[in-house]
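Right, one structure below, let's go through it.
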Amino acid sequence: MSAYDVMPDIELYQPATVEDATELAARLKGKAWLLAGGQDTYGWLKDRAKTTEAMIDLKGIDALKGIREIPGGVEIGALTTLTEITRHPLIGERYSLLREAAAVVASPQIRNMGTLGGNLCQDTRCWYYRRGLSCYRAGGNICYADSPAGMNREHALFGASRCVAVSPSDTATALSALEATMIVTSRRGSREVPVDDFFVGPDVDIVNMTALADDEVLASVRLPDHWANADFHFEKVADRNVWDFALVSIAAALRMRDGRIESARFVCGGVACVPYRLPAVEQAVVGKPRSESTGEQAARLASRGAEPLNHNQFKAPLMENLVRRALRGKA
Amino acid sequence: MEIVRYREDVWGREVLLGVSWDLLWLVIAASFILIMVHAAVMLARKSGPRPSPDGERLSRHAALDRWFHWITAASFFVLLATGVLPIVGVKFPWLTIHWVAGIVLTAAIVFHIVRSLFWKDLASVWIKPSDLAELTGGSAVPLPGKYSLAQKGMHMAMAVLVLIAVGTGIALLAQIDTPWWARSNFLSEAALGWMFLLHGLSTLALIGFAALHLYFTARPEKQFYLRSMVTGWVSRSELAAHHDPARWTPDAVASGDTTVEAPSALGADAR
């Protein structure tokens, strides 16, 4: 496959308001590409692995930027850059889980340009798909990664329905642990989508990774007070410490009372097409102290139900170790 | 409008993906127009008095055959819903429901084939040259035996289409993970494209035939056939009005029996 230095010819739209953007998205339904920070977009287009007739550049819409306190939590505009998230005091004080996740996305340069919305809506990194092969996710009839000769070290342990690609988003894992709500807008109005419904697996929609319709724009993300200032743990394991996607990551939010875990959310990244909740672990740790022994007991439950492929068996013990470390607590 | 979907792969080769779902709307529109035209013609045509459902009851469908019909119908509509709704934008985890319903349909079809070959009168549903006289219409045309030419034609077409859908469906089932096996990957991308094309084409044709089948089932003068598929019987008057008793001589249903049971385990040939 050739890579090109120049962009193909694309009709560019640069709306200044959300209304204009949603109007354009409705008018160009299915023919337009929504552009945020561009960190996922330009690779696709320059490689000619995907094409589009039109592009709606959202970066000129100020209403989609910034972090603000709202009744019941904090709202982050979808065009807020990852660097802004890592530096914002509200996020650092209340939702350090998201700050830690945003801080390990790719590289400083990418975090300066990349946005929260873009990080959440980015496409999977399965190289068969990104190379432009006509796999299931590209609308075809086959999964090259899950074939006898397929290279699937980075692929899914859970929820693979024909396609075995995983979500590459670090912030998605953290937002799932924080029970975020996505605000999705279109010409038809706005709707609130719980984070667990925002990301969709291949069993529901094999060619899209989110529940966004063609004419919808992710406007913002709301973090509920419920998990503000909880005990958090985020850890990402990748082949490189920077500029890499997670092999497995974990985001844990723990609400403590009298030294014991009152409620918890554990979510793993890199093991499914969606941020993968660990409900068995969550149930097992309630009422127990955050300790080495709790970690030992809960870790065994983490990879239950995993269906490893030829080359990704290592992810199961990795998940277990990450749960162990999340429960070990602060050193 | 495209008939077949292709995709150019990264090396510039055209890869066959399957049928174009634009045809779905064509099939729906064509079925709708056909049904409307027929309904209009029938409305304009003066209909005679309908035969009475009262009187002696004669066996048309044995219980086993009725169970087969309704299980087939239920699995068919589950397959249709799970196969087509995601295409028109209704998103849900459809695949497992789809292949489970496919297995139910396949089992029902195998049962029906075995039963038809060894326990039923296969000739009653087979189109013979003498049946073609029905095409000319008019009062001089002899009444049919158990099944009219239209019913035999519908059965034949549905049988061929369902066998294609089931055959390609089994090949496609081998390409996905199930509790009993991991996906096999034994089909090349080109062969898969052909499987999806045949699966899709047969599905589209089945949608058309199913629409016609439902329409004719719902027509007032044909509703006794629907009743017979529920209860198993037709009346002596209905037999005389629509069938030639010399070509089809069904058994009488025992007095007081409201449904027709199979006389013996698999020997329920209603002739």
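Computed from the Cβ-Cβ distance with R0 of 51 Å, the FRET efficiency linking A:ASP258 to A:GLU69 stands at 0.95. Each stretch of four or more DSSP H residues adds -39500 (n - 2.57); spread over every residue of chain A, this sum gives -7500 deg cm²/dmol at 222 nm. Of the DSSP H helices in chain B, those with a Cα length along their own long axis of 15 Å or more and a mean Kyte-Doolittle hydropathy reaching 1.0 comprise B:22-44, B:63-84, B:95-118, B:149-173, B:189-218. In order along the stretch A:236-251, the Karplus-derived 3J(HN,Hα) couplings, from 6.51 cos²θ - 1.76 cosθ + 1.60 at θ = phi - 60°, round to 10, 10, 9, 5, 10, 6, 10, 6, 8, 9, 5, 6, 8, 10, 9, 10 Hz, and Gly and Pro are given as x.
Residue pairs exceeding 19 angstrom between C-alpha atoms, taken from B:LYS46/B:LYS152; A:LYS236/A:LYS315; A:LYS236/A:LYS288; B:LYS128/B:LYS152; A:LYS50/B:LYS91; B:LYS146/B:LYS222: B:LYS46/B:LYS152; A:LYS236/A:LYS288; A:LYS50/B:LYS91. Note that the stretch A:260-270 has calculated 3J(HN,Hα) couplings of 10, 7, 8, 8, 8, 10, 10, 9, 9, x, x Hz, one per residue in order, obtained from phi through the Karplus relation 6.51 cos²θ - 1.76 cosθ + 1.60 (θ = phi - 60°); glycine and proline are x. Scattering from the stretch A:242-311 was approximated by placing one identical point on each alpha carbon and applying the Debye formula without solvent; log10 I(q)/I(0) at 0.20, 0.21, 0.22, 0.26 1/Å stands at -0.86, -0.92, -0.97, -1.19.
Remark: the stretch A:30-43, residue by residue, has Karplus-estimated 3J(HN,Hα) of x, 10, 10, 10, 7, 10, 10, x, x, 6, 9, 4, 5, x Hz, where x stands for each Gly or Pro and the curve is 6.51 cos²θ - 1.76 cosθ + 1.60 at θ = phi - 60°. Residues whose amide H lies under 5 Å from that of B:VAL253, counting only those 5 or more places away or on a different chain, are B:ARG57, B:LEU58, B:SER59; hydrogens are built 1.01 Å from N in the peptide plane.
Ordering of B:164-173, B:10-19, B:29-38 by packing is B:164-173, B:10-19, B:29-38, highest average first (other Cβ atoms within 10 Å, averaged per residue).
Peptide A:6-19 is shielded by partner chain Cβ atoms: per residue, an average of 0 of them sit within 10 Å of its Cβ. Helical runs (DSSP H, four residues minimum) scored at -39500 (n - 2.57) apiece and divided by the length of chain B put the mean residue ellipticity at 222 nm at -18000 deg cm²/dmol. Along the charge dipole of chain A, which of A:GLN39, A:PHE199, A:TRP227 sits closest to the positive end, that is, farthest toward it, with unit charges on the beta carbon of Lys, Arg, Asp and Glu (+1, +1, -1, -1)? Selected residue: A:TRP227. Can you give the translational diffusion coefficient of the stretch B:103-210 in µm²/s, computed by Stokes-Einstein from the Kirkwood radius over Cα pairs at 10 °C and 1.306 mPa s? Calculated translational D: 97 µm²/s. Radius of gyration over Kirkwood radius for the protein assembly as shown, both on Cα atoms: the Rg/Rh ratio is 1.09. Hey, any idea what the orientation-averaged projected area of the convex hull of chain A's Cα atoms comes to, in nm²? If I average the Cα hull's projected area over directions, I get 16.5 nm².
The amide H of A:ALA54, built 1.01 Å from its N in the peptide plane, has A:GLU11, A:TRP33 as neighbours under 5 Å, considering only residues 5 or more places off or on other chains.
Projected over every direction and averaged, the convex hull enclosing the alpha-carbon atoms of the stretch A:165-250 yields 6.9 nm².
Taken about its Cα centre, the protein assembly as shown carries a charge dipole of roughly 820 debye when the Cβ of each Lys and Arg holds +1 and the Cβ of each Asp and Glu holds -1. Note on the stretch B:4-242: semi-axes of the ellipsoid equivalent to its C-alpha gyration tensor, largest first and rounded to whole Å, are 38, 22, 16.
The mean number of partner chain beta-carbon atoms within 10 angstrom of a residue's beta-carbon across peptide B:94-102 is 1. Relative to the current alpha-carbon distance between B:VAL41 and B:PHE92, full extension at 0.36 nm per residue lengthens the span by 14.3 nm.
Just so you know, all these numbers are worked out from the coordinates, no wet-lab data involved. Predicted model only: the values in this text are computed from it and were never measured. Glycine gets a Cβ as well: all are built from the backbone with ideal geometry, and neighbour counts include every protein chain shown.
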